[in-house]
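Values quoted throughout were computed directly from the atomic coordinates according to the rules given, and no laboratory measurement underlies them. Just so it is clear, the structure is predicted and the values come from calculations on it, not from any experiment. FYI the Cβ positions are ideal-geometry reconstructions off the backbone, even for glycines, and counts take in every protein chain you see.
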Amino acid sequence: MKKLRSTLFVLPSFALHFFIVTLPACTLFYYSFTDWNGLGRPVFNALDNWTRMLKDASFHQAIGNTLVWMLLFLTVPLLLGLFVALLLTQTKRSQMAYRTIFFMPYVVPAVIAGKLFLVFYNPFLGIAQWFDRIGLHALGGISFIGNEKLALYAVAFVDNWHWWGFVMVLMLAALHQVDATLHEAAILDGAGRIRRFASVTIPQIMPTIMTLIMFTIIGSFLTFDYVWIMTQGGPAGATEIAATYIYKQSFLKLETGYASSLSLAIGLSCVAVYLALRVLQKRGVEV
């Protein structure tokens, strides 16, 4: 009776997930082999979508931008979050206040943050004018969003501003779980601060680091909001990433069959990343 009651409580959520997530994901396999506009009847076209994908230069550019985005988020927020977390572990007073301040950007909606930073990046109103006033005329008048070489990094900066505080909180929680007796033993053995950090702290927080790496790699292929709000993939595809390109193919160009094949390719890539990390776990790197 208790098992039946528990099942009845879970059943609505399971049904909702099945019809909204699982079932559409399964139909993706079929639609990826069709010519479909999302409205009419799908027409089976075998491997045409996949052949087109291999020749699609715009998609290749989007994947390249996604990989650059991934590298940025595998370095900057992880290093910054760990560094600030280490500083906060040494802070005895007002630690909670600092944690709250650093975490606040994470709860700011992407629409609000993106629109605010569009004002900051405005070459006639924003930070470029401030550079000009303090004498850095080379930076004055620069359109960070309109420059093909800077646009991707400008949008990534905004997303990093939103993300790194969350990373810091996770790192701080992991640092608080480090066994203090291991540090004491290392000190007795004459290990310095850097040695203790490399040999004691890092191995202890490695599960958290590996989890964040997995989130970052998979999340990079799912990133959409900040890019779409601020640039919609422009200028000239400079900020086009996988998610925005798939969105355009499906909802703007109505090539839903082709977009399905792109989504399936990205999804299979994420599964491959997950399986690779599981292999690392079996070899001793815990995730």
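Applying a 10 Å radius around every beta-carbon, put 203-210, 15-22, 184-191 in order of their mean neighbour count, most first.
Going by the mean number of other Cβ atoms within 10 Å, highest first, we get 203-210, 184-191, 15-22.
Counting other C-beta atoms within 10 Å, which of Ile213, Ile246 has the fewest, and how do the rest follow? Let's see the in-between values first.
Values: Ile213 17, Ile246 22.
Ordered by Cβ neighbours within 10 Å, fewest first: Ile213, Ile246.
Which FRET efficiency value, to the nearest 0.05, is calculated for Val271 and Leu79 with the Förster distance at 22 angstrom and r the Cβ-Cβ distance?
With R0 = 22 Å, the Cβ-Cβ based efficiency is 0.20.
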When the charge dipole of the chain is computed with +1 on Lys and Arg Cβ and -1 on Asp and Glu Cβ about the Cα centre, the Cα farthest towards its positive end, among Val200, Ser263, Phe251, belongs to Val200
Here, GluC sites (Glu not before Pro) of region 219-287 satisfying both criteria (DSSP loop; at most 16 other Cβ within 10 Å) are Glu286
With label points set 7 Å from each Cα along the Cα-to-Cβ direction at Trp161 and Ile20, the distance between them in nm comes to 3.1
Note to self: C-alpha centroids of region 17-31 and region 80-114 sit apart, in Å, by 38
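Please order Asp132, Asp179 by the number of other Cβ within 10 Å, starting at the fewest. Before the final figure, lay out the partial values.
Numbers: Asp132 16, Asp179 10.
Going from least to most buried by this count: Asp179, Asp132.
Under 27 Å between C-alpha atoms is the cut-off here; go through the chain and count lysine pairs that meet it, provided they're at least eight residues apart or on different chains. Write out the running numbers ahead of the final one.
On the way: Lys55/Lys149; Lys55/Lys248; Lys55/Lys253; Lys115/Lys149; Lys115/Lys248; Lys115/Lys253; Lys149/Lys248; Lys149/Lys253.
Pairs that pass both the separation and distance tests number 8.
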Farthest towards the positive end of the dipole of the chain, among Leu277, Trp130, Val111 and with Cβ unit charges of +1 on Lys and Arg and -1 on Asp and Glu, lies the Cα of Leu277
Counting sequence-distant residues (5 or more places) and residues on other chains, those with an amide H built under 5 Å from that of Thr34 are Asn45
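With an 8 Å cut-off on Cα pairs and a minimum separation of 6 or more residues, tell me the relative contact order of region 1-146 in percent. All intermediate terms of the calculation are to be shown ahead of the outcome.
Details: 59 pairs, mean separation 12.1, N = 146.
Answer for region 1-146 is 8 percent.
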When the charge dipole of the chain is computed with +1 on Lys and Arg Cβ and -1 on Asp and Glu Cβ about the Cα centre, the Cα farthest towards its positive end, among Ala151, Gly38, Ala191, belongs to Ala191
Options (i) 1.00; (ii) 1.04; (iii) 1.09 are given for Rg/Rh (Cα atoms, Kirkwood Rh), and the computed one is (ii)
About its Cα centre, the chain carries a charge dipole, from +1 on Lys and Arg Cβ atoms and -1 on Asp and Glu Cβ atoms, whose size in debye to the nearest 20 is 700
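What FRET efficiency, computed as 1/(1 + (r/R0)^6) with R0 = 25 Å and r the Cβ-Cβ distance, is obtained for Phe44 and Phe251, rounded to the nearest 0.05? Before the final figure, lay out each step's value.
On the way: r = 22 Å, r/R0 = 0.89.
Once rounded, the FRET efficiency stands at 0.65.
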With bins of 5 Å, the percent of all Cα-Cα pairs of region 155-287 per bin from 0 is 2, 9, 14, 14, 15, 13, 10, 8, 6, 4, 3, 2, 1, 0
One finds the C-alpha centres of region 218-274 and region 151-175 to be spaced, in Å, by 21
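Using only helices, what value at 222 nm comes out for the chain when you add -39,500 (n - 2.57) per DSSP H run of length 4 or more and divide by the total residues, to the nearest 500 deg cm²/dmol? Each step should come with its number before you reach the end.
Numbers: 14 runs with 197 residues, N = 287.
Value at 222 nm, helices only: -22000 deg cm²/dmol.
Excluding the sites themselves, what is the longest stretch of the chain that contains no trypsin sites (Lys or Arg not before Pro) in a DSSP loop with at most 13 other C-beta atoms within 10 Å? Can you show the working numbers first?
Details: sites that count: Lys92, Arg93, Lys149, Lys253, Arg283.
Longest run free of exposed loop sites: 150-252.
Given R₀ = 30 Å, what would the calculated FRET efficiency be for Arg278 paired with Lys149, taking r from the Cβ atoms and rounding to 0.05?
Numbers: r = 38 Å, r/R0 = 1.26.
The formula returns an efficiency of 0.20 here.
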Contour minus Cα-Cα span, Leu11 to Phe29, at 0.36 nm per residue, comes to 3.9 nm
